[in-house]
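Undergrad: Please see the structure below; I have some questions.
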Amino acid sequence: NGIIGMADLLISSTLPQAGKDYASTIKNCSQSLLNLINDILDFSKIEARQLDLESSQFDLHETIDQLIIPFAFAAQKKQIQLNYCIEKKVPRLVIGDSYRLQQVINNLINNAIKFTSKGEVSLWVTKEEEVDNKTIIRFAILDTGIGISLDDIDNIFQKFKQADQSTTRRFGGTGLGLAISKQLVELMGGKID
C-alpha cells in the first residue's frame, strides 16, 4: 500500500512523462502483487474455515452503482461498452456481507473486461424468487469476450486452474479468483456457474 501511495504521488507530481510512466508501472505491478497476496490470504482463510462473513443491512442498489464506477475507465480504455441493470423488483435494502459480494462481482466483471476485446460487458441483477422469507437475487455477467469451451467449463472454478493455459500467458492471472468467488458464494448460501 505504501508503494502504491508513493507511486500515485509521483504520477501526480511535476515529474517528466518518462518518470510518470515508470511510476505507473511500479503502481500497476504493486497492485497486482497486493491483489495476489489478498487472494492467497482469502483462500487460506477459506480453506482453514477462518473466514467470517458479515451480516448487516446494506443498500444493494447503491452498492452496485458504486461498484461499477471503477470499471468504466477500464472498459472505456478498451473501447468496450459497460452496461448494468438492476431490476425494479430487486429489494434495495438487504442483509448480508456487502464486502464479500462486491469481491465476487468485482472478480467476475474484471474477468469479463479482461477477456473482452470488443463489444460489451453487462451486469444484470434480478430477483428470482422469495423462499422462506429470503429473497434469491441473481447476478449475471454477460460479455462478448473469447468465451470458454465446454470442455473447460468444469475447470474454471478450481484453484490454480484456468480454462486455457495459453490465456494465462496472454492475460495473466493466478487461477485463484474464480475458486475464491465460488467458495465465497457458497459460504453466502448461493451458487455460481
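Undergrad: List the number of the failed condition for residue 20; all other conditions in (1) open to solvent by less than 60 Å² (accessible area, probe 1.4 Å); (2) closer than 19 Å to residue 113 by Cα hold.
TA: Here residue 20 meets the rest and fails (2).
Undergrad: Being open to solvent by 70 Å² or more (accessible area, probe 1.4 Å) and not hydrophobic (A, V, I, L, M, F, W, C) is the filter; apply it to segment 145-155 and report the residue that is farthest from residue 83 (Cα to Cα).
TA: This residue is 151.
Undergrad: Residue 75 - would you say it is over 21 Å from the mean Cα position of the chain (by Cα) and on the phi < 0 side of the Ramachandran plot?
TA: Criteria not met by residue 75.
Undergrad: Name the residues in segment 109-143 that are buried (at least 17 other Cβ atoms within 10 Å of the Cβ) and basic (Lys, Arg), would you?
TA: 114
Undergrad: Please verify whether segment 132-150 includes one or more residues that are at pLDDT below 90 and small (Gly, Ala, Ser).
TA: yes
Undergrad: Please specify each residue of segment 4-24 satisfying the condition of being of a type in the set (A, V, I, L, M) and part of a helix (DSSP H, G or I). Don't jump to the end; show me each part of the working.
TA: Initial filter on segment 4-24 (of a type in the set (A, V, I, L, M)): 4, 6-7, 9-11, 15, 18, 23.
Answer for segment 4-24, where residues must be of a type in the set (A, V, I, L, M) and part of a helix (DSSP H, G or I): 4, 6, 7, 9, 10, 11, 18, 23.
Here is a yes/no grid of residues against (1) under 17 Å from residue 96 (Cβ atoms); (2) among the charged types (D, E, K, R):
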site: 17; (1), (2): no, no
site: 20; (1), (2): no, yes
site: 27; (1), (2): no, yes
site: 57; (1), (2): yes, no
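The values are calculated or read from the model by the stated rules, or taken from the named source; none is laboratory data. These figures come from a predicted structure and were not determined experimentally. Here Cβ is always computed from backbone atoms with ideal geometry, including for glycine, and neighbour counts include all displayed protein chains. Heavy atoms of the whole protein, side chains included, go into the accessibility calculation; ligands, DNA and RNA do not. Shrake-Rupley method; radii C 1.70, N 1.55, O 1.52, S 1.80 Å.
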